[in-house]
Amino acid sequence: MMSESVAMQEALLNREVSSAVLTELKEAPCSGNAMRSVCVVSGKGGTGKSMISASLAFLLSEQGNTLLFDADLGVANAHILQGMRPTHTIAEVIAGQTSMRNVVTPCYDGLDLLAGGSGVAQLASLNGGELEVLGASFRSVEEEYCYMVVDSAAGLSRQTIAFAAASDRVLVVTTPAVTALTDAYAFLKVLLTRRPQCRPQLIINRVVVPAEGDRAAERLTDVTKRFLGVELECIAQLPDDRAAFVATQEQRPVVRGGGNSHLALALRELGRTIVQDLDTARPCGFGSSLHKHLVD
Ligand SMILES: Nc1ncnc2c1ncn2[C@@H]1O[C@H](COP(=O)(O)OP(=O)(O)OP(=O)(O)O)[C@@H](O)[C@H]1O
Ligand SMILES: [Mg+2]
């Protein structure tokens, strides 16, 4: 008999979404738009999106039920930073095999993880039908969560842009390096073309010398204002800190245990800023919004 994961991979390879599954999902009750979503993005890889998402998810889970969505589909690793080994992933939902509710992995009190699957290359380039299934699936679970953190893949793929455009808040992470800044600007340009009313917020990570962090923030906010006509607010500078490496090795978010490193303190401050901001946001409903932001 074919194993479940082989069947799931075959379904993905065929890229077929059964119309029965889609109809069922479309009829799922709407969430009432309670869940607030925050998407952590960057143009360049390795800027610290997953490190920040892991801690943010932990901090938000202290305030209300939170879903951490590992949107680095195909090469997902957010589960490692929560010390989890998920047995189910979003691949099964996309393949139309089961519901989203059945694949979330409870991590600890208040936090569930939606694992992104690994080793399935097709997950990195979902087609319109598959994204539509995802949107409908999110609608069916949104009412169970107060917050969702989306840990994005690097780059400008159609699905990464769609996830960001569908979120209530977008946090653009960059290091002070000019290459990271250039890629962050490229991401902003594409995102703002897709969703002109989006007001992304900036985080400068891995800051060694505060003046360099200030300069990086100034450069990116300046060009964003000048060429894209948008005020980009820098909401945090996070220090380069060995605490990130130690937390990764211990497979936990930096802010969970491990004392009061400079990085943990800065992340807690960032968490407070984001909770305050999200609590005043008017949630747009990630699932329905994803549907709206699908592009061909
Ligand atoms: N503030 C920091 N201080 C020191 N190291 C850091 C810091 N932030 C992130 N790192 C380290 O940088 C590396 C990349 O971080 P992370 O995996 O979070 O980046 P990412 O943006 O999610 O990468 P990808 O684009 O591959 O998903 C990791 O080894 C992480 O521990
Ligand atoms: Mg990552």
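The values are calculated or read from the model by the stated rules, or taken from the named source; none is laboratory data. Given the structure is predicted, the values throughout are model-derived calculations rather than measurements. Ideal geometry is used to build each Cβ from the backbone, glycine not excepted, and the neighbour counts take in all protein chains shown.
Count, please, the residues in region 136-165 that happen to be over 16 Å from Val190 (Cβ atoms), of a type in the set (A, V, I, L, M, F, W, C) and assigned to a helix (DSSP H, G or I).
Looking only at region 136-165, we keep the residues that are over 16 Å from Val190 (Cβ atoms), and these are 136-151.
Then keep just the ones that are of a type in the set (A, V, I, L, M, F, W, C); that gives 136, 138, 141, 146, 148-150.
Okay, now just the ones that are also assigned to a helix (DSSP H, G or I), so 136, 138, 141.
Matching residues across region 136-165 total 3.
When you check Ile94 against the structure, is it crowded, with 22+ Cβ neighbours inside 10 Å, more than 28 Å from Gln201 (Cβ to Cβ) and hydrophobic (A, V, I, L, M, F, W, C), yes or no? First the steps, then the outcome.
Working: crowded, with 22+ Cβ neighbours inside 10 Å: yes; more than 28 Å from Gln201 (Cβ to Cβ): yes; hydrophobic (A, V, I, L, M, F, W, C): yes.
So Ile94 fits the description; yes.
Given Thr87, Thr98, which one is among the polar types (S, T, N, Q), farther than 15 Å from Phe138 by Cα, in a loop (DSSP other than H, G, I, E, B) and away from ligand 1 (no atom under 14 Å from the Cβ)? Even if it seems obvious, please write down each step before you answer.
Working: Thr98 fails: farther than 15 Å from Phe138 by Cα.
Testing whether each residue is among the polar types (S, T, N, Q), farther than 15 Å from Phe138 by Cα, in a loop (DSSP other than H, G, I, E, B) and away from ligand 1 (no atom under 14 Å from the Cβ) leaves just Thr87.
Quick check on my filter: what residues within region 132-149 are acidic (Asp, Glu) and either within 15 Å of Gly64 (Cβ to Cβ) or at pLDDT 95 or above (or both)? Explain how you work it out, then say what you get.
Of all residues in region 132-149, those acidic (Asp, Glu) come to 132, 142-144.
Residues satisfying the conditions are Glu142, Glu143, Glu144.
Taking into account only those residues within region 218-240 that are within 12 Å of Val173 (Cβ to Cβ) and among the aliphatic types (A, V, I, L, M), which is farthest from the chain's Cα centre (by Cα)?
Initially, region 218-240 is screened for residues within 12 Å of Val173 (Cβ to Cβ), giving 220, 234-238.
Going one step further and asking which of them are among the aliphatic types (A, V, I, L, M), we end up with 220, 235-236, 238.
Details: Leu220: 21, Ile235: 17, Ala236: 18, Leu238: 18 Å.
Filtering first and then ranking leaves Leu220.
If you go through region 61-79 one residue at a time, how many are among the polar types (S, T, N, Q) and within 11 Å of ligand 1 (Cβ to nearest atom)?
Qualifying residue count, region 61-79: 1.
I need a count of the residues in region 215-257 that are outside any loop (DSSP other than H, G, I, E, B) and closer than 30 Å to Arg194 by Cβ.
Filtering region 215-257 down to residues outside any loop (DSSP other than H, G, I, E, B) leaves 215-228, 233-239, 243-249.
Of the ones still in play, those that are also closer than 30 Å to Arg194 by Cβ are 215-228, 233-238.
Adding up the residues that qualify gives 20.
Just one of (1) buried (at least 22 other Cβ atoms within 10 Å of the Cβ); (2) more than 13 Å from ligand 1 (Cβ to nearest atom); (3) closer than 20 Å to Ala281 by Cα trips up Cys198, so point out which.
Of the numbered conditions (1) buried (at least 22 other Cβ atoms within 10 Å of the Cβ); (2) more than 13 Å from ligand 1 (Cβ to nearest atom); (3) closer than 20 Å to Ala281 by Cα, the odd one out for Cys198 is (1).
So, in region 213-248, exactly how many residues are surrounded by 17 or more Cβ atoms within 10 Å (Cβ to Cβ), away from ligand 1 (no atom under 16 Å from the Cβ) and not aliphatic (A, V, I, L, M)?
Summing the residues that are surrounded by 17 or more Cβ atoms within 10 Å (Cβ to Cβ), away from ligand 1 (no atom under 16 Å from the Cβ) and not aliphatic (A, V, I, L, M) in region 213-248 gives 1.
Return the residues of region 39-65 that are assigned to a helix (DSSP H, G or I) and among the β-branched types (Val, Ile, Thr); say none if nothing qualifies. It would help to see each step written out before you state the result.
Kept after step one, since they are assigned to a helix (DSSP H, G or I), are these residues of region 39-65: 49-61.
Residue satisfying the conditions is Ile52 alone.
Going through region 166-213 one residue at a time, which ones are of a type outside the set (A, V, I, L, M, F, W, C), in contact with a strand residue (DSSP E or B) (Cβ under 8 Å, 6 or more places away or on another chain) and outside any strand (DSSP E or B)?
Kept after step one, since they are of a type outside the set (A, V, I, L, M, F, W, C), are these residues of region 166-213: 167-169, 174-176, 179, 182-183, 185, 189, 193-197, 199-201, 205-206, 210, 212-213.
With in contact with a strand residue (DSSP E or B) (Cβ under 8 Å, 6 or more places away or on another chain) added as a condition, the list becomes 167-169, 174-176, 183, 199-201, 205-206, 210, 213.
Result: Ser167, Asp168, Thr175, Pro176, Asp183, Arg199, Pro200, Pro210, Gly213.
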